[in-house]
Each structure stands twice: as C-alpha cells, then as structure tokens.
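S.K.: Take this structure first; my questions come after.
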Amino acid sequence: MKKLYAVLGDPIGHSMSPVMLNDLFSFYQIDAHYLPFQVKAEDLGSAVKGLKAIGAGGFNVTIPHKSNIIPFLDGVDELAASIGAVNTVVNEDGSLIGYNTDGPGFLKGINTIVPRVSEQRILLIGAGGAARAIYFTMAKEKPIVLDIANRTLETAAKLIEDCPYDSLSRALSLNEASENIGEYDLIIQTTMIGMSPKMAEQPINLGNLRKQSIVCDIIYNPLETQFLHAAALDGARIQNGVDMFVYQGALAFEKWTGIFPDVQRMRNNVLVQLGGNPC
Ligand code: NAP
C-alpha cells in the first residue's frame, strides 16, 4: 500500500520539498507520495493525530510549527530537544519521533568544502530559529571559536547560554562583527537580509574580509545574495543555502527509508525549481 509522507506549514504553497522528495520516491521505486498541507496553528494537534491514525510514514514540519509541534509528538531526539525545534518526524512502529535535520543538513553541506569544522574560527550572523539549529550542531563539533553576531544582542547571548555543548563563543553586535570579520575562517549568514524585500541589503560590511575565508548564506532565493556577491568579489569562497536545504531533505529521506539519496540529483531538482541552471 502506498505510504503517505507530508510537510506541514503555513503558508506552504512555495515549498520545494514535494517535488524534490516525490522525485526521490520514484527514483528509488518506493511506493510513497509526499504532499504539502497548509495547517493553522490551532489545527496542528489534530493534523498530527490524523497523520498518525492513517499510518503516515513521516512528515516534515516548517514555519511556523517547528517548535509548537513538540508537545504533539511521542518523543524527540536529543539534538532536536536541545534546539527546541523539529523539522522531521518519523513514524517508528506507531510512535511519532521528532528530529532536527536543519543543523546537521547545514553541517553536511559545509563539510563538502570544510571537512574539519573543529579547525575553524566561525562567525554566525543571526540568532533566529535556523541559527539556533546551526549553532547547536556546530558547537557539538568543537570549533576553535563560534561567535554569534545579531541585531538584538540579548538573543545571541541567550542562544549561547541555552546551548548544552561547550564552545568558545561571544555575542557581538553587527558593527563589532564587521570590524572583526578578518578573524574568521568561516562566516555563516542566517538572517533574512538578502531576500525580498531586502535583496539589495547585507547584514554586515565585509570590508576587512580575508581572501581565504569561506562565506555561506543559508538563503537560497536568490541563489546569490548581495552578501555572497560582495564576498565573492573580495575573493572568498562562497556557498548558498541550496546545500543546507538539499542535505536537510536528504537526511529526512534517509530517516524514513534507510537510503541516503543522490544529493546531486536533489540539487539539480531544486535548481530547476528555483529557475537556475542544473550543474
Ligand atoms: P527567524 O527565526 O525569524 O530569525 C531571523 C533573524 O534575522 C534574527 O536573527 C533577526 O534578528 C534577524 N533579522 C531580521 N530582520 C533583520 C534586520 N532588518 N536587520 C538585522 N537583522 C535582522 O528566521 P529563521 O527561521 O531563522 O530564518 C532565517 C533565514 O534562513 C530565512 O531567510 C530562511 O529562508 C532561511 N532558512 C534557510 C534554510 C535552508 O535550508 N537553506 C532553512 C531554514 C531557514 P533579531 O534577533 O534582532 O530580530
């Protein structure tokens, strides 16, 4: 019998996950289908109950439900519990267990160009939900330095305080980060500055950037934000948010099926959906 997989969010119309994951189910000849469901916050509990009752194999959870979903699940793994957000749920013999593949997805993507995060001085820009998943996952890897710069300094300080994994971290203002940018090997931009309607803006100035630095932006639409454009002009190696998106999906697919999928195939699928060129 065909298994149901889903993504719950609000809004959900622009999600690229259904096309990306249905392509994988058909490529690996798995009798399953992945559907998007727009679910309001007040209906989240009943939606989860319904998916459990009909024996769905699992589902993704996206904005705005990543934290609110937790009380409706039967269990949550250690990393997702510490982050306080779930983006992937697996039906394990009738129990719905929550995981977070956003942080590990980012790590797998960055590992393609930085194999050992433990040898890096890292600056994370932003302290929202995505930054939290990335910070906790990176902290586990024990980098030399893992600083956070954010518009609201207290949010960055709170994120560092909440993290159960020790790391050498400072909370910085965006101006301080700009001044100190030359200290870092890896810079990760996680705010929404660079997306519409702030496409012409960047969160910090890269004037003092070192040419050998690696600069990531987790935004994937546009494929090259103003921030990445400026970093590339300064000679830095850049990575956009497609890698994080693809790897978080690959890790979810692996949890559901036991197969780690063809990531290049997924990347091409996403690039076509974004109107870019497959490579
Ligand atoms: P969020 O929880 O709302 O966090 C937003 C962050 O942006 C906060 O640090 C906030 O700072 C900062 N910010 C917002 N407006 C700002 C401004 N005008 N000036 C300076 N800082 C500003 O959002 P999120 O869920 O973490 O998502 C952030 C971005 O990541 C989005 O663009 C999203 O599309 C992207 N994302 C990508 C992936 C992927 O797979 N590639 C996955 C998840 C998210 P304050 O604390 O001061 O408000």
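The values are calculated or read from the model by the stated rules, or taken from the named source; none is laboratory data. Note that the structure is predicted; figures quoted are calculated from it, not measured. Glycine gets a Cβ as well: all are built from the backbone with ideal geometry, and neighbour counts include every protein chain shown.
S.K.: Given the range 125-192, what helices (runs of 4 or more DSSP H) lie entirely inside it while holding 1 or more residues that are under 20 Å from LYS66 (Cβ atoms)? If you could, list the steps in order and put the result at the bottom.
M.R.: Values: elements: 129-140, 153-162, 174-180.
Where helices (runs of 4 or more DSSP H) fall fully within the range 125-192 and carry at least 1 residues being under 20 Å from LYS66 (Cβ atoms), they are 129-140, 153-162.
S.K.: Right, next: Collect the residues in the range 249-265 that are farther than 12 Å from VAL90 by Cα, under 18 Å from the mean Cα position of the chain (by Cα) and basic (Lys, Arg), keeping them in residue-number order. It would help to see each step written out before you state the result.
M.R.: Let us first name the residues in the range 249-265 that are farther than 12 Å from VAL90 by Cα, namely 249-250, 259-265.
Of the ones still in play, those that are also under 18 Å from the mean Cα position of the chain (by Cα) are 249-250, 260-261, 263-264.
Within the range 249-265, none qualify.
S.K.: To continue, here is another question. I'm trying to understand the selection: among the residues of the range 236-251, which are of a type in the set (Gly, Ala, Ser) and either within 15 Å of ARG265 (Cα to Cα) or within 8 Å of the ligand (Cβ to nearest atom) (or both)? It would help to see each step written out before you state the result.
M.R.: To start, the set of residues in the range 236-251 that are of a type in the set (Gly, Ala, Ser) comprises 236, 241, 249-250.
Across the range 236-251, the qualifying residues are GLY241, GLY249, ALA250.
S.K.: Go through the range 174-232 and give me each residue that's among the charged types (D, E, K, R) and either within 16 Å of the ligand (Cβ to nearest atom) or in contact with a Pro (Cβ under 7 Å, 6 or more places away or on another chain) (or both). Please lay out each step first, then the result.
M.R.: Kept after step one, since they are among the charged types (D, E, K, R), are these residues of the range 174-232: 176, 179, 183, 185, 198, 201, 210-211, 217, 224.
The answer is GLU176, LYS198, GLU201, ASP217, GLU224.
S.K.: When the residues of the range 71-94 are narrowed to those that are of a type in the set (Val, Ile, Thr) and away from the ligand (no atom under 16 Å from the Cβ), which ends up farthest from GLY249 (Cα to Cα)?
M.R.: Going through the range 71-94, the residues of a type in the set (Val, Ile, Thr) turn out to be 76, 83, 86, 88-90.
Still in the running and away from the ligand (no atom under 16 Å from the Cβ): 76, 89-90.
Values: VAL76: 18, VAL89: 12, VAL90: 13 Å.
Residue satisfying both the conditions and the ranking: VAL76.
S.K.: Related question: Restricting to the range 193-222, and then to whatever is touching a helix residue (DSSP H, G or I) at 6+ places or on another chain (Cβ under 7 Å) and not in a loop (DSSP other than H, G, I, E, B), can you tell me which residue is surrounded by the fewest Cβ atoms within 10 Å (Cβ to Cβ)?
M.R.: VAL215
S.K.: Would you pick out the residues in the range 48-71 that are part of a helix (DSSP H, G or I) and surrounded by fewer than 20 Cβ atoms within 10 Å (Cβ to Cβ)?
M.R.: Of the residues in the range 48-71, the ones part of a helix (DSSP H, G or I) are 48-53, 70-71.
Of everything in the range 48-71, those that are part of a helix (DSSP H, G or I) and surrounded by fewer than 20 Cβ atoms within 10 Å (Cβ to Cβ) turn out to be LYS49, GLY50, LYS52, ALA53, ILE70, PRO71.
S.K.: Further, regarding this structure: So, ALA139, is that one more than 12 Å from the ligand (Cβ to nearest atom) and either under 17 Å from the mean Cα position of the chain (by Cα) or hydroxyl-bearing (Ser, Thr, Tyr) (or both) or not?
M.R.: On the way: more than 12 Å from the ligand (Cβ to nearest atom): yes; either under 17 Å from the mean Cα position of the chain (by Cα) or hydroxyl-bearing (Ser, Thr, Tyr) (or both): yes.
Criteria met by ALA139.
S.K.: Six or more apart or on different chains, Cβ atoms under 7 Å: show the pairs whose first residue is in the range 231-248 and modelled with pLDDT of 95 or more and part of a loop (DSSP other than H, G, I, E, B) and whose second is near the ligand (Cβ under 8 Å from one of its atoms) and not hydrophobic (A, V, I, L, M, F, W, C).
M.R.: Within 7 Å, the pairs are ASN240/TYR220; GLY241/TYR220.
S.K.: Could you say which residue among ILE125, ILE83 is in contact with a strand residue (DSSP E or B) (Cβ under 9 Å, 6 or more places away or on another chain) and of a type in the set (A, V, I, L, M)? It would help to see each step written out before you state the result.
M.R.: Numbers: ILE83 fails: in contact with a strand residue (DSSP E or B) (Cβ under 9 Å, 6 or more places away or on another chain).
Of the residues listed, the single one that is in contact with a strand residue (DSSP E or B) (Cβ under 9 Å, 6 or more places away or on another chain) and of a type in the set (A, V, I, L, M) is ILE125.
S.K.: Out of all the residues in the range 22-47, which are assigned to a loop (DSSP other than H, G, I, E, B), touching a helix residue (DSSP H, G or I) at 6+ places or on another chain (Cβ under 7 Å) and within 18 Å of ALA85 (Cα to Cα)?
M.R.: The one that is assigned to a loop (DSSP other than H, G, I, E, B), touching a helix residue (DSSP H, G or I) at 6+ places or on another chain (Cβ under 7 Å) and within 18 Å of ALA85 (Cα to Cα): VAL39.
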